[in-house]
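The values are calculated or read from the model by the stated rules, or taken from the named source; none is laboratory data. Because the structure is predicted, anything quoted here is derived from the model rather than measured. With ideal geometry, Cβ positions are generated from the backbone for all residues, glycine too; neighbour counts draw on all protein chains shown.
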Amino acid sequence: MRAIVYHNPWNIRVEEREEPTISMPDEVIVAIRATGICGTDLSIVSGEYTARPQVIIGHESAGVVVETGGSAGKWKTGDRVIIDPTYFCGECSNCRKGLRNHCLEKASTEAGVSIDGTFTRYFKTTSRFIYPLNEEIPFEQGAMSEPLSCVLTAVKKLAVTPFMRTAILGGGPIGLLFYTALAQHGIKNGVIYEASENRIKLIEKHNVLADNWNLEPEFIPQKNQYDLIIDTTGSLLEKSMQAIADGGKISMMGLRNNQQTINPREIADRSISIIGSIDSQDTFKHAVDLINSGSLGLEKIITNQYSLNDFGIALKHLGCDLETQRRSNDISSLKSVIQM
Ligand SMILES: [Zn+2]
Ligand SMILES: [Zn+2]
């Protein structure tokens, strides 16, 4: 089967790989139909996020069950499914503390990072990591469950309340999923700050945001401006501290190495919460239910679809150019999906 294989930064290739086979009774093989291109994939390609050389990348997927082991429960050939790619063992000390998104096995079990992922035809997983995808929901929307689940985990930790004055920093797919998830939690207006002019145009063109949300190119913080700031860029903590109101909450979700200077005294004196979140923990089912409801408007966010052979073009449209080996704000897609 053809697969997108990572070798080292800026060196990814379409290669032939062996198809997986069932070796344990609880295993299932899923024929991948759609896999979303995630910010993590871009960071792997550009060398900002470490992946194992020779690994098949990709982790946000939906497909069809084509084979099951003897004890794969209710699953059968032909079932449309969504894959939860975040393996957890259930037995390590972190899993036993409920920190399944920090499973101690993660370094050697992360699909599309340390073990083979889903930018390919077939993927082997176990029955506990797949969920049903409703008949009428397209595979590419099913593939959004993983990023949505990560966002829902962050929202859960933030314990948001309706009417919080809200800013989302970054209007990429994660920022837009926050917009969607916050609406489900009663936050119906706010501002999204997005630095890429192209992305602003795309959000406007596809009519993604409700009328009571604003889209601004530059985040210029003002005192006591917001009760809730979601930083999906991972690089705006200083500015967020300037804009957050007393008792406010700042969510950090972007993975970006950088240094920021903040005054810890302010965190105490002004009762500010800075809350980090990675991957998903106990929210995958919730994400699947929301997606199966068909009511999230994901068709407005998934703007571009490509074949596996056009992976390089898809990356380029997300501002990640394999030829020049550079990333830029020259973006012509919101969420991109590879169709198989
Ligand atoms: Zn992802
Ligand atoms: Zn574990």
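Could you check, for the range 56-67, whether at least one of its residues is in the same structural domain as Thr109 (by TED's automatic domain parsing), within 22 Å of Lys106 (Cβ to Cβ) and hydrophobic (A, V, I, L, M, F, W, C)? Checked against the condition, which is being in the same structural domain as Thr109 (by TED's automatic domain parsing), within 22 Å of Lys106 (Cβ to Cβ) and hydrophobic (A, V, I, L, M, F, W, C), the range 56-67 yields at least one hit. Conditions: (1) at positive phi; (2) at pLDDT 95 or above. Val155 meets all but one. Number of the miss? That leaves (1) as the condition not met. The single residue among Ile291, Ile275 that is of a type in the set (A, V, I, L, M, F, W, C), touching a residue at least 60 places away in the same chain (Cβ under 8 Å) and buried (at least 21 other Cβ atoms within 10 Å of the Cβ) turns out to be Ile291. Cβ-Cβ distances below 8 Å connect the following pairs, each with a first residue in the range 66-92 that is more than 17 Å from Gly142 (Cα to Cα), a second residue that is within 16 Å of ligand 1 (Cβ to nearest atom), and a separation of six or more residues or different chains: Tyr87/Lys106; Tyr87/Thr109; Tyr87/Glu110; Tyr87/Ala111; Tyr87/Phe129; Phe88/Asn101; Phe88/Lys106; Cys89/Thr109.
I'd like to know if the range 65-81 contains one or more residues that are within 16 Å of ligand 2 (Cβ to nearest atom) and hydrophobic (A, V, I, L, M, F, W, C). No, the range 65-81 contains no residue that is within 16 Å of ligand 2 (Cβ to nearest atom) and hydrophobic (A, V, I, L, M, F, W, C). Exactly one residue out of Ser295, Ser271, Ser280 is of a type in the set (Ser, Thr, Tyr) and under 16 Å from the mean Cα position of the chain (by Cα): that is Ser280. Looking for something buried (at least 17 other Cβ atoms within 10 Å of the Cβ) and of a type in the set (A, V, I, L, M) - is there at least one such residue anywhere in the range 9-23? Yes, the range 9-23 has at least one match.
The number of residues in the range 139-182 that are among the hydroxyl-bearing types (Ser, Thr, Tyr), crowded, with 24+ Cβ neighbours inside 10 Å and in contact with a Ser or Thr (Cβ under 6 Å, 6 or more places away or on another chain) comes to 1. Candidates are the residues of the range 13-40 that are outside any strand (DSSP E or B) and within 21 Å of the chain's Cα centre (by Cα); the one that is farthest from ligand 1 (Cβ to nearest atom) is Ile37. The condition of being modelled with pLDDT of 95 or more and not aliphatic (A, V, I, L, M) holds for only one of Arg100, Arg96, that being Arg96.
Quick one: is Ile187 away from ligand 2 (no atom under 16 Å from the Cβ) and within 21 Å of Ala243 (Cα to Cα)? Answer is yes for this residue. Of Ile44, Ile56, Ile4, all but one fail to be in contact with a helix residue (DSSP H, G or I) (Cβ under 8 Å, 6 or more places away or on another chain) and among the β-branched types (Val, Ile, Thr); the exception is Ile4. Scanning the range 304-340 for residues that are within 13 Å of Cys38 (Cα to Cα) and hydrophobic (A, V, I, L, M, F, W, C) yields Phe311, Ala314, Leu315, Leu318, Cys320, Leu334, Val337, Ile338. Restricting to the range 41-64, and then to whatever is farther than 23 Å from Arg256 by Cα and among the small types (Gly, Ala, Ser), can you tell me which residue is nearest to the chain's Cα centre (by Cα)? So the residue we want is Ser61. Of all residues in the range 1-46 being of a type in the set (Ser, Thr, Tyr) and in contact with a His (Cβ under 9 Å, 6 or more places away or on another chain), which is modelled with the lowest pLDDT? If we take residues in the range 1-46 being of a type in the set (Ser, Thr, Tyr) and in contact with a His (Cβ under 9 Å, 6 or more places away or on another chain), then Thr40 is modelled with the lowest pLDDT.
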